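A.B. asks: Below is the structure I would like to discuss, written out as structure tokens.
The values are calculated or read from the model by the stated rules, or taken from the named source; none is laboratory data. Since the model is a prediction, treat every value here as computed from it, not as a measurement. Methodologically, a virtual Cβ is constructed for each residue, glycine included, from the backbone with ideal geometry; neighbour enumeration extends over all protein chains shown. Side chains are part of the model used for accessible areas, which takes the heavy atoms of the whole protein and leaves out ligands, DNA and RNA. Shrake-Rupley method; radii C 1.70, N 1.55, O 1.52, S 1.80 Å.
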Amino acid sequence: SRSDLEGHDAHGKPVVVFENKFWAGLSPAQPVDYLRRLAERGGVLCFVVPEKRMLTLWPELLQSAQR
């Protein structure tokens with residue numbers, strides 16, 4: 001899956017991944033694919049969401065990340 005915005009290091013490896021998630025649901029690959037891409041060197045995964053969405057999205061992200 002492709003994130004909305006990524007920052008890469010000098011070797012082209014992602015170190016920061018931003019995903020805008022307003023009212024659309026998570027794709028089957030979110031957030032697992034992003035976390036896998038960051039795992040090699042570490043980094044930051046940031047979901048940008050409206051305040052009203054935070055309470056519902058956080059449990060979804062935690063559940064999806066455990067797969």
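A.B. asks: Determine which single condition TRP23 fails, assuming it passes every other condition in (1) out of contact with any Lys or Arg (no Cβ under 6 Å at 6 or more places or on another chain); (2) open to solvent by less than 80 Å² (accessible area, probe 1.4 Å); (3) not in a helix (DSSP H, G or I); (4) not aliphatic (A, V, I, L, M).
C.D. replies: For TRP23, the failing item is (2).
A.B. asks: With ARG41, ARG37, ARG53 as the choices, which residue is surrounded by 13 or more Cβ atoms within 10 Å (Cβ to Cβ) and in contact with an Asp or Glu (Cβ under 9 Å, 6 or more places away or on another chain)?
C.D. replies: Criteria check complete, one pass: ARG37.
A.B. asks: In the range 52-67, which residue that is of a type in the set (D, E, K, R) and not in a loop (DSSP other than H, G, I, E, B) is nearest to the chain's Cα centre (by Cα)?
C.D. replies: GLU60
A.B. asks: How many of the residues making up the range 1-20 are open to solvent by 40 Å² or more (accessible area, probe 1.4 Å) and either touching a residue at least 40 places away in the same chain (Cβ under 8 Å) or in contact with an Asp or Glu (Cβ under 9 Å, 6 or more places away or on another chain) (or both)?
C.D. replies: Total satisfying the criteria: 7.
A.B. asks: Next question, about the same structure. Show the residue pairs meeting these rules: Cβ distance below 7 Å; 6+ apart or different chains; first residue within the range 41-53 and closer than 16 Å to SER3 by Cβ; second residue open to solvent by 80 Å² or more (accessible area, probe 1.4 Å).
C.D. replies: VAL49/PHE22
A.B. asks: Taking the range 7-26 only, how many residues are more than 15 Å from VAL49 (Cβ to Cβ) and more than 10 Å from the chain's Cα centre (by Cα)?
C.D. replies: Of the residues in the range 7-26, 9 are more than 15 Å from VAL49 (Cβ to Cβ) and more than 10 Å from the chain's Cα centre (by Cα).
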